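Reading through the structure tokens given below for one structure.
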Amino acid sequence: LPAQTDDLTKLVRWHLEKTFSVELPSTRFVHQRFRRSDGEPGHRVLASAIDQQVLTQYEQVLLQAGLEPRVVDLASFHRFNLYRPKMAQLAKPEHHFIFLAITGASLTVMIFESGTPAYVRIKGTRRALVGPEAVDRILDEVELSLNAYGKEKDLSRVTHLFVSAVGASDELSDRLANRFHLTARVLGADDVLLDGVPTLPPEEHARSAG
């Protein structure tokens, strides 16, 4: 892969246009590279795209409210990177795990093989996924994702399920563990690591994860 970000973005754009047979002349991309899960040389690139016109509309809403938009990105990917060292530490040695991110009425399920994403599902709902009444809906959405993943992959290799959700309770992690027979953990401020050392106080963690 190209070492320069601009060159890599051009390559990602070309690959997406070729794969989906569409032209993407005015699209904003974000991407992240991972090592291949099979141990072979090379990388797997996880990318997302949004039409520049749609992004501009979001930015205009912020500007009209007196705010300056600096970063518009996928919150679930930022959360994953926030907790990545801790998840890698806990999911040793195989690093087959699930990362579940919940923000308001949006849910993202990411399943990793050897620390590399093998499945991603982003689901928007009409009602916010908060409170005790939302637990059953969350479990059902996770089950749908696992069923889809299990049609082509070996689900038995997955050992851990990590949850990032503001205000998530122990009830959610307990029910996830019981239903899917995985080691489930709600991630918090103590799980943000830098070289194995906790880095964020609770109030700053809430801003980063929320």
Is the stretch 179-189 home to any residue that is among the small types (Gly, Ala, Ser), modelled with pLDDT of 90 or more and not in a strand (DSSP E or B)?
no
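Yes/no matrix, rows are residues, columns are (1) under 24 Å from residue 151 (Cβ atoms); (2) at pLDDT below 90; (3) outside any strand (DSSP E or B):
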| position | (1), (2), (3) |
| --- | --- |
| 45 | yes, yes, no |
| 58 | no, yes, yes |
| 70 | no, yes, yes |
| 81 | no, yes, yes |
| 88 | no, no, yes |
| 109 | yes, no, no |
| 130 | no, yes, yes |
Number of positions in the stretch 39-48 that are in contact (Cβ under 8 Å) with a residue 12 or more places away in the chain and open to solvent by 60 Å² or more (accessible area, probe 1.4 Å):
3
For the stretch 49-98, which residues satisfy the criterion of being β-branched (Val, Ile, Thr) and either closer than 22 Å to residue 28 by Cα or loosely packed, with under 14 Cβ neighbours inside 10 Å (or both)?
50, 54, 56, 61, 71, 72
If you take the residues in the stretch 101-120 that are of a type in the set (A, V, I, L, M) and under 17 Å from residue 91 (Cβ atoms), which one is surrounded by the fewest Cβ atoms within 10 Å (Cβ to Cβ)?
118
Are any residues in the stretch 14-30 under 15 Å from residue 50 (Cβ atoms), open to solvent by 60 Å² or more (accessible area, probe 1.4 Å) and free of Cβ contacts under 8 Å to residues at least 24 places away in the same chain, and if so, which ones?
20, 22, 25
Being small (Gly, Ala, Ser), modelled with pLDDT of 80 or more, part of a loop (DSSP other than H, G, I, E, B) and out of contact with any Gly (no Cβ under 9 Å at 6 or more places or on another chain), is that true of even one residue in the stretch 1-14?
no
What tally of residues in the stretch 139-172 results from selecting those that are crowded, with 19+ Cβ neighbours inside 10 Å, over 19 Å from residue 117 (Cβ atoms) and of a type in the set (Gly, Ala, Ser)?
2
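The values are calculated or read from the model by the stated rules, or taken from the named source; none is laboratory data. Remember, it's a predicted structure, so these values are computed and weren't measured experimentally. As a convention, Cβ positions derive from the backbone with ideal geometry for all residues, glycine included, and neighbour counts pool all protein chains shown. Side chains included, ligands, DNA and RNA excluded: accessible areas come from the protein's heavy atoms. Shrake-Rupley method; radii C 1.70, N 1.55, O 1.52, S 1.80 Å.
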